[in-house]
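Notes follow once the structure below has been shown.
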Amino acid sequence: MTRPASARRSRAPGGDNVETAETPRPPQSRADLRHYIQHTLGIAVPDRAVCPAHAAPLDYLWHSFHTDFARPPRVNGDAIVWANRAGGKTQLAAVATLLDCLFKPRCQVRILAGSARQAAHMYEHLTGFLEVFEDELRGRTLKDRCRFKNGSNVEMLTQSPVSVRGHHVQKLRCDEVELFSEEVFAAAQFTTQSRDGILAAQEIISTMHQPYGLMQKIVSRAEEPIRVDPRQSLSTPLFKWCVWETIEPCLGRTCSQCPLWTDCGGKAKNARGYLRIDDCITQMQRASRAGWEAEMLCRRPSLENVVFGEFDPDIHVRPVEYDANLPLYRAIDFGFVNPFVCLWIQVDADDRVRVIDEYLKRRVTIDVHAAEIKSRTACPANRVAGTYCDPAGRGANDITGTNAIDELRTLGIPARSCRSSILEGIEHIRRAIRAGDGTSRLVISPRCRRLIEALRCYHYPDHGEGAAGELPLKDGIHDHPIDALRYFFVNYKKHRPPTARPY
């Protein structure tokens, strides 16, 4: 490999001139960056997005590198990378780390991964690259850290809150976040700080194994899954690519005889990646369909442990508004530390359940909830067909001596409840999602974002995540919207008005 071009003086991202023995000139464009990486490291980074709304791996690298040189400066340097297995995530993150250290004097980078082995894997990529840049190093490369002559350095962190909290650096790369503990990830949110003209950035890099895992929560919070640089946007860009962005170009194969055709549909003919087609065929044939879709196609993860596996936003989520000709119901799950939930629901002449709105709020009193419920109810109180709630709301408060149901009634919201098992309510919801004859009787407004997420993520305990059994996990996040929906179905079935039917 040839050495990169260099100069005596380089301009740091903040505008300060930094004297070094030999500082390479930064690539000036996306194409320059790809050429530089290929020329110095021998890596041809895929630069073409093949699937709709996807990004090319080079899009992520350009964002990560160019953030500190952009004019006007960007507000947010963070990034989320959701990519397929063997999609080059870890290697590209190591390339991004090398670029930071070479071109951004005094840049401090930390590597935090879901396991020590995964962190070492990224660091091994980096130290392999450093054979080309030995002259840029200060001292020996240690097993968990290295230093550069321009003041930059890299260090691996261990998967512990204490290790993470002890650092304040510009760049933090979190690899395979799906394997992180919630405590470590929470601590990592306060690790990065901008200084020396280098923008603070946390990069989250992972596949998505579980629809209720940490990566799913992170992706769902990303405001806009975009490929274009966000400039002054405060949102975190999501760079998503799959097997079709990273597979080698398909040349000379007969599509009709290819096992990949159903998913590919000709996409591989436009690819510019490196994964061998025959290897991908082998992996598909020995994997489950759910595993192939989650790990390689980056579709929704395996639904093996999800309670409502047949819930499909493409089928069950669509615009639905209040209809004055239909009765209106409300369903409530009480909470204070955990969220208080209210759903507004109507049922049409075909017995189709229409969830038209939701309200979730923590740490406020019943009177605040009651005022919000009444203001958001689209019809007069005397026309509400029923307000159904958690039977536990009849329990007396240790301080006031009253109970939540009586307090609601005093505030003008009479509510009723009936006892039922969790499994009974779950079965009612399942039948509404998909009945035995294959029909669906549930439609949810897109504004009910938390309920939709709960229906996708409500799951049974994993091994070691609580007592195994038939009951879903009460995670304090997804169980509360589901509980409110359960109370509606159980009470509606018992209190529904009689219907006259012709014989």
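A short reminder: the numbers here are calculations on the coordinates, not readings from a lab. Just so it is clear, the structure is predicted and the values come from calculations on it, not from any experiment. Counting neighbours? That spans all protein chains shown, and the Cβs are built from the backbone with ideal geometry, glycine included.
So the values come out like this:
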item	result
Packing-based exposure ordering (other Cβ within 10 Å, fewest first) of Trp292, Trp241	Trp292, Trp241
Separation of the Leu142 and Leu411 label points, Cα + 7 Å toward Cβ, nm	5.7 nm
Amide H within-cut-off set for Ala55, under 5 Å, with H built and near neighbours excluded	Lys240, Trp241
Per-pair calculated FRET efficiency, R0 = 22 Å: Ala290 and Asp475 via Cβ, rounded to 0.05	0.55
Segment Arg430-Ser220, extension gain: residue separation times 0.36 nm, minus the distance between their alpha carbons	73.2 nm
Neighbour-count order for Leu411, Leu360, Leu238, fewest beta carbons within 10 angstrom listed first	Leu411, Leu360, Leu238
Cβ-Cβ FRET estimate between Lys374 and Val337, R0 fixed at 25 Å, reported to 0.05	0.55
Derived scalar couplings ³J(HN,Hα) [the stretch 257-271; Karplus, 6.51 cos²θ - 1.76 cosθ + 1.60; whole Hz; x for Gly, Pro]	9, 8, x, 7, 4, 4, 8, 6, x, x, 4, 5, 5, 9, 6
log10 of Debye I(q)/I(0), alpha-carbon scatterers only, for the stretch 76-176 at 0.11 Å⁻¹	-0.30
For Trp261, Trp344, Trp244, order by how many other beta-carbon atoms lie within 10 Å, fewest first	Trp261, Trp344, Trp244
Inter-site label distance for Asn270 and Arg449 at 7 Å from Cα along Cβ, in nm	3.0 nm
In the stretch 131-196, chymotrypsin sites (Phe, Trp or Tyr not before Pro) in a DSSP loop with at most 15 other beta-carbon atoms within 10 Å	Phe190
Inter-probe distance in nm under a simple model that places probes 7 Å from Cα toward Cβ, at Lys361 and Asp437	4.2 nm
Rotationally averaged projected area of the stretch 6-241 (alpha carbon convex hull; nm²)	11.8 nm²
Length added when fully stretched, Glu178-His35, from 0.36 nm per residue minus Cα-Cα	48.3 nm
Which listed pairs, of Lys89/Lys269; Lys171/Lys217; Lys361/Lys493; Lys240/Lys374; Lys89/Lys267; Lys374/Lys494, have C-alpha distances above 31 Å, in listed order	Lys240/Lys374
Antiparallel bridge percentage (DSSP; both residues within the stretch 82-164; nearest 5)	45 percent
Equivalent ellipsoid, the chain (semi-axes from 5 times Cα gyration tensor eigenvalues, Å)	50, 27, 19
Cα pair distances exceeding 30 angstrom across the stretch 313-493, given as percent	16 percent
